[in-house]
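Below is one structure, written out as structure tokens; the observations come after it.
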Amino acid sequence: MTGDGSRRGPVTELVPLRVNRVAHAVLGLAPGAGLLAYGVEAATVPERAVAAVAVLVCGGLAVRGYRAGVRCEAGRLVVRGFLWSRAIPRTAVTGVTGFPAVRWTSPGGRRRWTPVAAFTTVSGETRGVRSRKRDNTARLRRWAARG
């Protein structure tokens, strides 16, 4: 989806197909449901407290899994992964690997790379899913090349 960022110029969101996004969310929801059931049946307060914290963590992972992708802005790239997000200045981006991962250089001159887990292909994917991931990676490469 392409839109106008309020202060950053044009913004492009690159995300997997909805079926992939839901599958990523299930990675947090499934264990969360099991932990919720455990917490309900737990005998002691500490067990319930630990289960409650674990359910919250799983919920966070589910949301992050659903939102995993890349946001291409005029001056920076935001890679949203399952555990954290990284904002990379456009001028620091040096390329995109086939993994895919973004190669970039830190302000101190250190060469870095940030994987884009949402676009990693795995065996058993349908042609459409794989095609969307490849298209998103190609669009990311074009964005990086225009830097």
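Every number here is computed from the coordinates shown, using simple stated rules; none is lab data. None of these values were measured; they are calculated from a predicted model. Please note: Cβ atoms are built from the backbone with ideal geometry, for glycine as well, and neighbour counts cover all protein chains shown.
Of note:
- Contour minus Cα-Cα distance for Leu56 and Trp84 (0.36 nm per residue): 8.5 nm
- Relative to the longest principal axis of the Cα atoms of the chain, helix 18-41 runs at roughly 20 degrees.
- Taking the chain and dividing mean pair separation by its residue count, relative contact order in percent (alpha carbons under 8 Å, at least six apart): 21 percent
- Semi-axes of the equivalent ellipsoid for segment 1-139, computed as √(5λ) from the eigenvalues of its C-alpha gyration tensor and ordered from largest down, come to 33, 19, 14 Å.
- GNM result for the chain, Cα springs below 10 Å: residue of Phe119, Phe99, Phe82 fluctuating most strongly: Phe99
- Per-residue ellipticity at 222 nm, computed for the chain from helices alone with -39500 (n - 2.57) per DSSP H run of at least four residues, works out to -15500 deg cm²/dmol.
- Inter-probe distance in nm under a simple model that places probes 7 Å from Cα toward Cβ, at Glu47 and Arg142: 5.6 nm
- Acute angle (nearest 10 degrees) that the helix 45-67 long axis makes with the longest principal axis of the chain, alpha-carbon atoms: 30 degrees
- If you take the alpha carbon atoms of segment 91-139 and fit the smallest convex hull around them, that volume is 67 Å³ per residue.
- Folded to 0 to 90 degrees: helix 127-145 orientation relative to the chain principal axis, Cα: 50 degrees
- Total formal charge among the other residues, if their Cβ is under 11 angstrom from that of Arg134, Lys/Arg +1 and Asp/Glu -1: +4
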